[in-house]
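S.K.: The structure that follows is given in the form of structure tokens.
The values are calculated or read from the model by the stated rules, or taken from the named source; none is laboratory data. Note that this is a predicted model, so its numbers are computed, not measured. Please note: Cβ atoms are built from the backbone with ideal geometry, for glycine as well, and neighbour counts cover all protein chains shown.
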Amino acid sequence: MSDPHQAGSRPDAGPAVDAQWPERVVELAAAWHAQPDPARRERLLGEMWLLLNAAIRRYLRLHGHRYGTARPEDLEDIASDKSLDLLRRIDSEQWNPATVKPGQLCAFISTLARNGLIDHYRVHGSKRREQVDAADSAGAAAPTVLRPRVERTEYRAERARFVSAIGDCAALLSKRSRTIWFLRVLLDLPSRQIAHHPEVNMKPSAVDMALSRTRTVIRNCMSEKGFEPDDTPPGVFSALWEAFRAELPDIRPGEEDQ
Amino acid sequence: MSEYLEHPNHVSEDQLIDLLNNLLDEKARRVILDHLSACVLCDEHFLLLVRERESLRTQLAPRISSGEIVMPNYTTPPVMPLPRRRARWVGAALVVAAAAAFLLPHLFRPEVSGADSYWLPNPDQQTLASLQSPDAVSGLQKALSAYDAHDLERALALMDNVRIPEDNVEADALRGVYKASALVNTNRSEDARRVIDGVDITALPSAWRERANWIRYLSIRGGRHDKDSRALLRQLTDSPGDVGRMAREERSRLAGD
């Protein structure tokens, strides 16, 4: 593994694309300080919150991989605490990302994540860590099958056909139903969480009812196209996300921050 | 996940974060997506990131309160108590009376100019009865009367005030279609589109789904969604009944323009 602080600087990695998120954090922080409108400030805050959370989790995973893995719910808590801490520092101008280079920003977030992980183990002791390690060892005992890096053409064609069919079938649903279907079937989020999603905003019982109907519609439609519910081929998630991302709108760069 | 982290040929998590946050230009986005389509582990890791992000979005984001950034707590909306059995029967009886009083005049309503864009669905008694709440029946009845009298601002206000239990998606969808129709007829097409997009059309009886799509067409025609509206109109010309007829007439009219 190359230097964890250098985002996107892995010459041996797959596609050579420089990471953009550190610069986006810098832009957002600058816009946050310059923006007088409270509603827009809140939107900027929301986007920074999502981005900082993702960045901290990225480094928590990296350090967890080196120093010991925490449970997912613990990682979530640490990421949440540290993101909030960072936002408060930005707000009080104790820390101004606009004055640092993207590499320094990554180093700072990396340190923050590592310290968060160490503090977490200090507070909760090593018991949880041992539990996680034991679980990992049990998992490691199973032989790992590396899937082929390059796959056969017919798999790709079949996957493309599947994604196209799902897209056609999902077009029969309302926007909200499509979102619910995506959040449950592909992301496996529970109804209670889906109900609170900003694009859904329903009660959990209503989510369940909508989901039941939606599943029937998709199942029937896919059957007509010659697919069975269990046909979902591996590796189609990114293609489905691409097809569904219009249902999960968020702030787009340059739209709301200026 | 560790397998993903260990492998040097995988797309980096930084790049996945960029993809997820729409920070890549089209060319870079294509490169990453092509890689994901061939790398199952990367695809799985991307799923994890999307899940984390959308899960985070289901929680309330930090807010500014009294000049400080704070984490708000969930405030679960109050759950409306279920009506008692007797109240349901009273509600059902009211619904039948309301539906009869409301439907009869419309069965004989004469065709008027522009009536195609002034959609009035024929709500069946079963759906109205499913409201299971005298307040809802009474509120909807008033809203429908205002709608019928073309007093659309009042109709919209009344529709917003109708208290429909949130798990009653059929009734909610019905109200949504009425509301969108009222918005179309007050030239608020964008609002109408937003409302109709939020309607769970699959919750409606099949005949009304066509009506709902017609309202959707009316809300997007002539706007910046022209390509979508033409495709939808083409689809609706195959519909049976009034919607198919209106769609075919509209298509002929557009061809003649």
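S.K.: Name the single residue, out of those in the stretch A:64-101 being acidic (D, E) and part of a helix (DSSP H, G or I), that is nearest to the other protein chains (Cβ to nearest Cβ).
M.R.: Here the answer is A:D91.
S.K.: Could you tell me whether the stretch A:178-191 includes any residue that is touching a Lys or Arg at 6+ places or on another chain (Cβ under 8 Å) and of a type in the set (V, I, T)?
M.R.: For the stretch A:178-191, residues touching a Lys or Arg at 6+ places or on another chain (Cβ under 8 Å) and of a type in the set (V, I, T): present.
S.K.: Check the stretch B:243-253 and report whether any residue there is within 24 Å of B:L174 (Cβ to Cβ) and loosely packed, with under 15 Cβ neighbours inside 10 Å.
M.R.: yes
S.K.: I would also like to ask the following. Check the stretch B:221-234 and report whether any residue there is buried (at least 21 other Cβ atoms within 10 Å of the Cβ), within 14 Å of chain A (Cβ to nearest Cβ) and either modelled with pLDDT under 80 or in contact with a strand residue (DSSP E or B) (Cβ under 9 Å, 6 or more places away or on another chain) (or both).
M.R.: No, the stretch B:221-234 has no match at all.
S.K.: Can you tell me which residue in the stretch B:24-54 is surrounded by the fewest Cβ atoms within 10 Å (Cβ to Cβ), limited to those that are assigned to a loop (DSSP other than H, G, I, E, B) and hydrophobic (A, V, I, L, M, F, W, C)?
M.R.: B:L24
S.K.: While we're looking at this one, here's another question. Do we have A:G103 as surrounded by fewer than 19 Cβ atoms within 10 Å (Cβ to Cβ) and in contact (Cβ under 8 Å) with a residue 40 or more places away in the chain here?
M.R.: yes
S.K.: Could you grab me the full set of residues in the stretch B:155-174 that are surrounded by 16 or more Cβ atoms within 10 Å (Cβ to Cβ), away from chain A (no Cβ under 14 Å) and in a helix (DSSP H, G or I)?
M.R.: B:A155, B:L156, B:L158, B:M159
S.K.: Would you mind listing the helices (runs of 4 or more DSSP H) fully within the stretch B:178-257 where at least 2 residues are within 22 Å of B:L152 (Cβ to Cβ) and of a type in the set (S, T, Y)?
M.R.: Counting at least 2 such residues, we get B:206-220.
S.K.: Next up: So, of the residues in the stretch A:27-55 that are touching a Pro at 6+ places or on another chain (Cβ under 7 Å) and at pLDDT below 90, which turns out to be nearest to the other protein chains (Cβ to nearest Cβ)?
M.R.: A:L45
S.K.: With the condition kept exactly as written, say whether any residue in the stretch B:75-96 is at the interface with chain A (Cβ under 8 Å from one of its Cβ atoms), at pLDDT below 90, within 29 Å of the chain's Cα centre (by Cα) and farther than 15 Å from A:E242 by Cβ.
M.R.: Yes.
S.K.: How many residues does the stretch A:202-235 contain that are surrounded by fewer than 14 Cβ atoms within 10 Å (Cβ to Cβ) and on the phi > 0 side of the Ramachandran plot?
M.R.: 1
S.K.: Tally the residues that are more than 25 Å from the chain's Cα centre (by Cα) and among the aliphatic types (A, V, I, L, M), restricting the search to the stretch A:73-104.
M.R.: Count: 1.
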